[in-house]
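The values are calculated or read from the model by the stated rules, or taken from the named source; none is laboratory data. Keep in mind that what you see is a predicted model, and the values were worked out from it rather than measured. Cβ placement follows ideal geometry from the backbone for every residue including glycine, while neighbour counts extend to all protein chains displayed.
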Amino acid sequence: MNVGAPKGFRLHIGLFGRRNVGKSSLLNALTHQDVSIVSAIAGTTTDPVEKPMELLPLGPVLFIDTAGIDDVGALGEMRVARTRQVFDRTDVGVIIAHPDGGWGPFEEELLSEFSRREIPTIVVFNKVDLGEPPVPLVSRLRASKVPTVRTVAVRGEGLIDLREALIRSAPEDFINAPSILGDLVPAGELALLVVPIDLEAPKGRLILPQVNAIRDVLDNDAYCMVVKERELRDALDRLNRPPAIVVTDSQAFLKVAGDTPSDVLMTSFSILFARYRGDLLEFVRGALAIDALKPGDRVLVAEACSHHPIGEDIGRVKIPRWLRQYVGGKLEFTHVQGHDFPDDVSPYRLVVHCAACMWNRREMLSRLLRCRRAGVPITNYGVAIAYSLGIFERALAPFPSALEALREARRMAPH
Ligand SMILES: Nc1nc2c(ncn2[C@@H]2O[C@H](COP(=O)(O)OP(=O)(O)OP(=O)(O)O)[C@@H](O)[C@H]2O)c(=O)[nH]1
Ligand code: SF4
Ligand SMILES: [Mg+2]
């Protein structure tokens, strides 16, 4: 999964601080691997250690663990020089400090260096099992918009807070990097878009996900053909070579799946948006969690804005009805809109979210983390609908890593 993105596309996250503060322990805790050697001896890490990984729900990142910035002696100075070189390739700088008396000139220097370079910075007070950071320091950092996180790396505590801070600090162009559709249609090839024009469709216009998808295809020097579901078969017959992909509104999923030859990729706008605005892998796992629902469980249905222009009843009627049928009993649904998403989602067994087409990705990723923190699976409308219709594998075929995650999850929990 983490081999896909070239190094240049990865968010480079540099871990800096004095010796022995737990930089390597933090990296190992984040990656669940022994990437960097940890020991009680100061000066254990001598050269920058790089670890590429898929940091959910942020995406492809490269962690760079460094030697202590306070190293001494001739060798130590060389190590510090190598650590300083890492500044040049750091997109987000994480300063790790001991909470109790661990903040001093070294940390201030790192802070001003990052500020001078306009590198977003996070301060992590690690080892909070041994002490607390001084309140005035935390207040001062907050006032200067530097997020602070408390962790116990050796116990894996505080890591979700750190991920959340990383999402908030990551540059806009990284957060909004996922393509809508353009990457699935090579230049010069055709995307066939299926758009139901029925009573529910807004008069005189296409809805935002459709417009965004068309624009993205054009930006990638590919072509678009837009048809209603009734004309799909005829449109396919007219082409002298198959389209690179067929994308449909979820409402017409089954008909479109039937009319599209099985060797042509097919998915829905809502699944495209699961990737573009959220995290497709997380939503796939969330859909599989539907199998674990039991009668009486609470389900949160969230819509990011107050009016869903097509299929107004998807969240209120269709998804609840289908979930009840699937579970074979009553479920307790709570519906929220706009910014009313609860801070604590732990009372729910599942969260089903709209495609969030009106939102920015950062906001959606924060919601994903909130669910993760509470251990509550989350999926989105389109992903849940594809699952409910029994065309999950087909609809995920354009996204190899999602398909792989699906197969992996099925291998782990065979039904
Ligand atoms: N109590 C406690 N100990 C920790 C924590 N995190 C790391 N340690 C311990 O602190 C020591 C140093 O950890 P490292 O991860 O090697 O620290 P480092 O910052 O990479 O150190 P250098 O590579 O020497 O610069 C080890 O003995 C760790 O087990 C923590 O959260 N709490
Ligand atoms: S943000 Fe959500 S509720 Fe609003 S139109 Fe988009 S998908 Fe529908
Ligand atoms: Mg180290």
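Data overview
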| read-out | value |
| --- | --- |
| Which listed residue, of Ile95, Ile41, is at pLDDT 90 or above, surrounded by fewer than 21 Cβ atoms within 10 Å (Cβ to Cβ) and within 12 Å of ligand 1 (Cβ to nearest atom) | Ile41 |
| Single residue of Arg230, Arg205, Arg238, Arg215 found to be of a type in the set (Lys, Arg) and within 24 Å of Ile391 (Cα to Cα) | Arg230 |
| Within segment 104-134, considering residues that are modelled with pLDDT of 95 or more and aliphatic (A, V, I, L, M), the one surrounded by the fewest Cβ atoms within 10 Å (Cβ to Cβ) | Leu130 |
| Top-ranked residue of segment 250-268 - restricted to ones that are outside any strand (DSSP E or B) and touching a Lys or Arg at 6+ places or on another chain (Cβ under 7 Å), ranked as farthest from Cys357 (Cα to Cα) | Asp259 |
| Subset of segment 258-315 [at positive phi and at pLDDT below 95] | Gly311 |
| Checking Val247 against (1) modelled with pLDDT of 95 or more; (2) more than 16 Å from ligand 2 (Cβ to nearest atom); (3) not hydroxyl-bearing (Ser, Thr, Tyr); (4) not in a helix (DSSP H, G or I), the condition it does not meet | (2) |
| Residue, farthest from ligand 3 (Cβ to nearest atom), within segment 143-159, restricted to residues that are more than 18 Å from Arg18 (Cα to Cα) and without any contact (Cβ under 8 Å) to a residue 40 or more places away in the chain | Ala143 |
| Some residue of segment 93-112 being in contact (Cβ under 8 Å) with a residue 60 or more places away in the chain and over 25 Å from Lys145 (Cβ atoms) | no |
| Residue that is over 24 Å from Ile175 (Cβ atoms), more than 30 Å from the chain's Cα centre (by Cα) and aliphatic (A, V, I, L, M), where the choices are Val38, Val49, Val80 | Val80 |
| Residues located in segment 343-383, provided they are away from ligand 2 (no atom under 16 Å from the Cβ) and among the small types (Gly, Ala, Ser) | Ser346, Ala374, Gly375 |
| Any pair with Cβ under 9 angstrom, 6 or more apart, that starts in segment 118-142 at a residue that is closer than 24 Å to Asp65 by Cα and ends at one that is surrounded by 20 or more Cβ atoms within 10 Å (Cβ to Cβ) and among the acidic types (Asp, Glu) | Val123/Glu107 |
| Among residues of segment 202-232, those that are small (Gly, Ala, Ser) and surrounded by 19 or more Cβ atoms within 10 Å (Cβ to Cβ), counted | 2 |
| Any hit, segment 103-123, residues being within 12 Å of ligand 1 (Cβ to nearest atom) and closer than 17 Å to Ser25 by Cβ | no |
| Selection count where residues are touching a Phe, Trp or Tyr at 6+ places or on another chain (Cβ under 7 Å) and closer than 25 Å to Gly329 by Cβ, scope segment 269-297 | 2 |
| Test: residue in segment 5-12 that is more than 19 Å from the chain's Cα centre (by Cα) and buried (at least 18 other Cβ atoms within 10 Å of the Cβ) | no |
| Selection status of Asp198, surrounded by 19 or more Cβ atoms within 10 Å (Cβ to Cβ), out of contact with any Cys (no Cβ under 7 Å at 6 or more places or on another chain) and not hydrophobic (A, V, I, L, M, F, W, C) | no |
